[in-house]
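First up is the structure itself, then whatever we jot down about it.
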Amino acid sequence: MDFSRIFTGLLLSAKWALNPVAFGVAGFVRDGEGRVLLVRQTYMTGWRLPGGGIGRGEPAEVSLRRELREEVGLTGGQARLFGLYSRKVWWVTHVTALYLIEGAAVDFRPNMEVRAVLWVRPEAPPADAAPATLRRLAELATDAGPSPHW
């Protein structure tokens with residue numbers, strides 16, 4: 001029996017319990033006019049970037065495409081990593097990989113997670129956008145690059 005593997009597994013489990021990390025993805029879906037897609041979720045207030053959680057062992061871009069297909073009917077397009085962000089939610093560190101997606105098609109239908117979508121210019125977001133969404137749109141509009149915190 002390989003006790004080193006068991007011991008390593010126990011150590012990693014203890015580390016996760018003391019310092020849990022959740023990993024998610026979000027997307028700037030940009031159309032040919034330079035507008036970005038925002039979503040109105042059924043369970044949160046304000047306009048937000050579409051995205052969601054990464055499944056166990058799932059690559060980030062695969063998760064992004066799955067989430068956006070489910071939420072807004074996204075197909076195709078080119079995705080590139082825009083930034084990697086972190087924030088604390090209670091005792092959990094939440095890491096979000098934000099992608100810029102261009103050349104994609106969106107065939108939105110209201111669903112259990114998203115009730116509406118809105119195309120906006122990054123420099124003119126809606127007043128009721130979530131604070132983090134406003135910060136991300138400002139980064140995109142000014143080419144300032146990502147901050148480290150969501």
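The values are calculated or read from the model by the stated rules, or taken from the named source; none is laboratory data. This structure is a prediction, so every number in the text was calculated from the model and none was measured. All Cβ positions, glycine included, derive from the backbone under ideal geometry; neighbour counts span all protein chains shown.
Filter segment 79-111 down to the residues that are farther than 20 Å from PRO131 by Cβ and either more than 16 Å from the chain's Cα centre (by Cα) or basic (Lys, Arg) (or both) and list them by number. Selection gives ARG80, TRP91, GLY103, ALA104, ALA105, VAL106, ASP107, PHE108, ARG109, PRO110, ASN111. Exactly one of these conditions fails for THR42: (1) closer than 23 Å to ALA141 by Cα; (2) touching a strand residue (DSSP E or B) at 6+ places or on another chain (Cβ under 6 Å). Give me its number. Condition (1) is where THR42 drops out. Could we say that PRO125 is under 26 Å from ALA22 (Cβ atoms) and either surrounded by fewer than 17 Cβ atoms within 10 Å (Cβ to Cβ) or at pLDDT below 95 (or both) here? No; evaluated as a whole, the condition is false for this residue.
Within segment 130-142, residues that are under 15 Å from ARG87 (Cβ atoms) sit with their Cβ atoms under 7 Å from residues that are of a type in the set (Lys, Arg), at 6+ positions apart or across chains, in these pairs: ALA130/ARG48; THR133/ARG48. Do we find that VAL92 is farther than 19 Å from GLU33 by Cβ, surrounded by 11 or more Cβ atoms within 10 Å (Cβ to Cβ), at pLDDT below 95 and β-branched (Val, Ile, Thr) in this structure? It is true that VAL92 is farther than 19 Å from GLU33 by Cβ, surrounded by 11 or more Cβ atoms within 10 Å (Cβ to Cβ), at pLDDT below 95 and β-branched (Val, Ile, Thr). Scanning segment 54-65 for residues that are surrounded by fewer than 18 Cβ atoms within 10 Å (Cβ to Cβ), at pLDDT 95 or above and not aliphatic (A, V, I, L, M) yields GLU58, PRO59, GLU61. State yes or no: is VAL114 surrounded by 16 or more Cβ atoms within 10 Å (Cβ to Cβ) and either within 12 Å of the chain's Cα centre (by Cα) or at pLDDT 95 or above (or both)? For VAL114, the condition - surrounded by 16 or more Cβ atoms within 10 Å (Cβ to Cβ) and either within 12 Å of the chain's Cα centre (by Cα) or at pLDDT 95 or above (or both) - is met. For segment 128-150, residues that are touching a strand residue (DSSP E or B) at 6+ places or on another chain (Cβ under 7 Å) and buried (at least 16 other Cβ atoms within 10 Å of the Cβ) total 8. Kindly evaluate LEU68 against the criterion of being within 15 Å of the chain's Cα centre (by Cα), at pLDDT 95 or above and either within 13 Å of GLY24 (Cβ to Cβ) or surrounded by fewer than 20 Cβ atoms within 10 Å (Cβ to Cβ) (or both). It is true that LEU68 is within 15 Å of the chain's Cα centre (by Cα), at pLDDT 95 or above and either within 13 Å of GLY24 (Cβ to Cβ) or surrounded by fewer than 20 Cβ atoms within 10 Å (Cβ to Cβ) (or both).
If you go through segment 1-44 and keep only what is within 13 Å of THR133 (Cβ to Cβ) and modelled with pLDDT under 95, you end up with just MET44.
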